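Remarks on the structure that follows.
Every number here is computed from the coordinates shown, using simple stated rules; none is lab data. Just so it is clear, the model here is predicted, and its values are computed rather than measured. Positions of Cβ are generated from backbone atoms using ideal geometry, with glycine treated the same way; all protein chains shown enter the neighbour counts.
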């Protein structure tokens, strides 16, 4: 009756059955940007934030969020994640600074980890904001996106 994969015959939401999908190694890399002031950058570099190093705490929050994605996104399957790693890169901009946050999530399973990678960078960005808001309330979180994914029936994907 329904053409949507996540709706049952009665037109109500359902979690798709993935038990017949092949188990493969799957990875996903997501990215998020956070813009902020030069004053905040200086405070971070001088280790003057009262809450501590925002990147270290953001990385822990991102790892925790990746593991809890199925608790936050209704149609996501619980996944036995086998790896989560981050890179953080500060970039000077015209009106301040930008932090580029990348997360790579991997597993061996029968569904992908794109949502886990996207959730990881989102939680890391939100945590960075929380750690730094006392110095700069004008922080902007922007452009969260999937950069690449591997594995599964649909094959590989990468932004070119």
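Results, tabulated for the structure shown:
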quantity: Qualifying positions in region 134-160 - on the phi > 0 side of the Ramachandran plot and buried (at least 17 other Cβ atoms within 10 Å of the Cβ); calculated: 151, 152
quantity: So residue 36, is it buried (at least 21 other Cβ atoms within 10 Å of the Cβ) and more than 11 Å from the chain's Cα centre (by Cα); calculated: yes
quantity: Residue count, region 116-144 (criterion: in contact with a strand residue (DSSP E or B) (Cβ under 9 Å, 6 or more places away or on another chain) and over 15 Å from residue 62 (Cα atoms)); calculated: 8
quantity: Filter pass, residue 108 being in contact (Cβ under 8 Å) with a residue 60 or more places away in the chain, over 15 Å from residue 30 (Cα atoms) and surrounded by fewer than 18 Cβ atoms within 10 Å (Cβ to Cβ); calculated: yes
quantity: Residue in region 122-132 that is surrounded by 15 or more Cβ atoms within 10 Å (Cβ to Cβ), within 25 Å of residue 23 (Cα to Cα) and in contact with a helix residue (DSSP H, G or I) (Cβ under 8 Å, 6 or more places away or on another chain) present; calculated: no
quantity: Some residue of region 93-103 being more than 25 Å from residue 158 (Cβ to Cβ), touching a helix residue (DSSP H, G or I) at 6+ places or on another chain (Cβ under 6 Å) and surrounded by 12 or more Cβ atoms within 10 Å (Cβ to Cβ); calculated: yes
